[in-house]
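Asker: One structure, as C-alpha cells, below. Some questions next.
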Amino acid sequence: MTKADLADRLYEKIGLPKKEATAIVETLFDSMKNILSEGESIKITGFGTFLVRKKGSRKGRNPKTGTELEIEQRKVVTFKPSLQFKALVEKV
Amino acid sequence: MTKSELIEKISEKVDGLSKKQTEVIVETIFESIKESLAKGGKVEIRGFGNFRLRSRNARKARNPKTGEAVDVPPKKVPYFKVGKELREMVNRSL
C-alpha cells in the first residue's frame, strides 16, 4: 500500500474526493516529518508513538576493511506500536 | 505532540476543512494502515518510512510473580523502518 492507495481508501470509506485525499495524505506525512525533525515525538492514540532518540558517538568498524572509525552522534526515529495495534496483528 | 494537536496543525494547513473533518480523515488514514498490516500487507510512505510486520519466535518466559515457566507462542509485531528523507531531516538540526 502506498500514499496513493491511502488516498483511495479515503475516497472509499468517507467519500473524500481523490484530489483532496491525495493532498491531505501528503500534508499529514509532511507535517509529521517536520515535527520529528524538530526533535519532537508524536503520539497517535490507538496507533503508536514516533520517538526521536539521540544516539551517542561510538567506535565502529568498516565491515569490509576492518578499519576502525568513529560513528558520530546522531538522532534516530523509532516507532513504538500501541498495545491495540500489537494485539490486532499478533496472530496474522 | 498528540493526535489532536497534529489534527489541529493539519486543519490549519488545508483550506476548507474543519477540525472535525480533519479528525475523521486522520483517523481513517491510521486505521487503513493498521488494516493493511492486519491483512499481512505492508505500507510504503515514500520519504517517511515503511510499515510492515516482523515475526517473533516462540520463546519460554517466566511468570515473574510465581517463577513458573510459560510458553510464549510465535507472533507478529508491527515494525516501522524510517525513510531516507526523514532520517536525513532529523539529523540536519544536529
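Asker: Which cross-chain or sequence-distant (5 or more) residues have an amide H under 5 Å from the amide H of residue A:16, H modelled 1.01 Å from N in plane?
Answerer: Amide H neighbours of residue A:16, under 5 Å, 5+ apart: A:11.
Asker: Number of Lys-Lys pairs in chain A under 22 Å by Cα, sequence gap 8 or more or different chains?
Answerer: 23
Asker: Applying a 10 Å radius around every beta-carbon, put A:66-72, A:23-29, A:10-16 in order of their mean neighbour count, most first.
Answerer: Taking the mean over residues of other Cβ atoms within 10 Å, the ranking is A:23-29, A:10-16, A:66-72.
Asker: Here's something else I'd like to know. Provide the per-residue ³J(HN,Hα) series for the range A:64-70, in order, calculated from phi with Karplus coefficients 6.51, -1.76, 1.60 and θ = phi - 60°, each as a whole number of Hz, with x at glycine and proline positions.
Answerer: Rounded to whole hertz, the list is 7, 9, x, 6, 6, 8, 8.
Asker: Oh, and also: Take the alpha carbon atoms of the range B:43-94, find their radius of gyration, then divide it by 2.2 N^0.38 Å using N residues; give the quotient.
Answerer: It is 1.81.
Asker: Can you figure out the FRET efficiency of residue A:91 with residue B:13, using R₀ = 41 Å and their beta-carbon distance, to the nearest 0.05?
Answerer: 0.60
Asker: A follow-up question, please. Taking the Cβ-Cβ separation of residue A:61 and residue B:21 as r and a Förster radius of 35 Å, what is the calculated FRET efficiency to the nearest 0.05?
Answerer: Calculated value: 0.10.
Asker: Over the Cα atoms of the protein assembly as shown, compute the convex hull volume and normalise it per residue, giving Å³.
Answerer: Spread over its residues, the Cα hull of the protein assembly as shown gives 168 Å³ apiece.
Asker: For the range B:30-39, just list the computed ³J(HN,Hα) in residue order, Karplus coefficients 6.51, -1.76 and 1.60, θ = phi - 60°, integers in Hz, with x standing in for Gly and Pro.
Answerer: Here the 3J(HN,Hα) series is 5, 4, 5, 5, 4, 4, 4, 5, 5, 8 Hz.
Asker: Could you tell me what a quarter of the Cα convex hull surface of the range A:1-74 works out to, in nm² with one decimal place?
Answerer: Averaged projected area of the range A:1-74's Cα convex hull equals 7.8 nm².
Asker: If the elastic network links every pair of Cα atoms under 10 Å, which of B:26, B:72, B:43 fluctuates the most in the Gaussian network model of chain B?
Answerer: B:72
Asker: Follow-up. Using alpha carbons only, how many degrees (0 to 90, rounded to 10) separate the axis of helix A:18-37 from the longest principal axis of chain A?
Answerer: 30
Asker: Could you derive backbone 3J(HN,Hα) for the range B:23-29 from the dihedral phi with the Karplus parameters 6.51, -1.76 and 1.60 (θ = phi - 60°), listing whole Hz in sequence and x where the residue is Gly or Pro?
Answerer: With coefficients 6.51, -1.76 and 1.60, one gets 4, 4, 5, 5, 4, 4, 5 Hz.
Asker: Another question about this same structure. Based solely on C-alpha atoms, express the radius of gyration and the Dmax of chain B in angstrom.
Answerer: Just the Cα atoms of chain B yield Rg and Dmax of 19.0, 59 Å.
Asker: Give me the aspartates and glutamates in straight-line cross-link reach of residue B:19: C-alpha distance below 19 Å, same-chain residues under 8 apart excluded.
Answerer: Straight-distance partners of residue B:19: A:20, A:26, A:30, B:5, B:8, B:27, B:31.
Asker: Hey, can you grab everything whose amide H is under 5 Å from the amide H of residue B:47? Only 5+ residues off in sequence or another chain; H modelled, so Pro and N-termini drop out.
Answerer: Long-range HN contacts for residue B:47: B:84, B:85.
Asker: Moving on to the next point. Using the Kirkwood radius over C-alpha pairs as Rh, can you work out the diffusion coefficient of the range A:41-92 via Stokes-Einstein at 10 °C, viscosity 1.306 mPa s, in µm² per second?
Answerer: The estimated diffusion coefficient comes to 116 µm²/s.
Laboratory data are not the source of any read-out in this text; all were calculated from the coordinates shown. As the structure is a computational prediction, the values presented were derived from the model and not from experiment. As a convention, Cβ positions derive from the backbone with ideal geometry for all residues, glycine included, and neighbour counts pool all protein chains shown.
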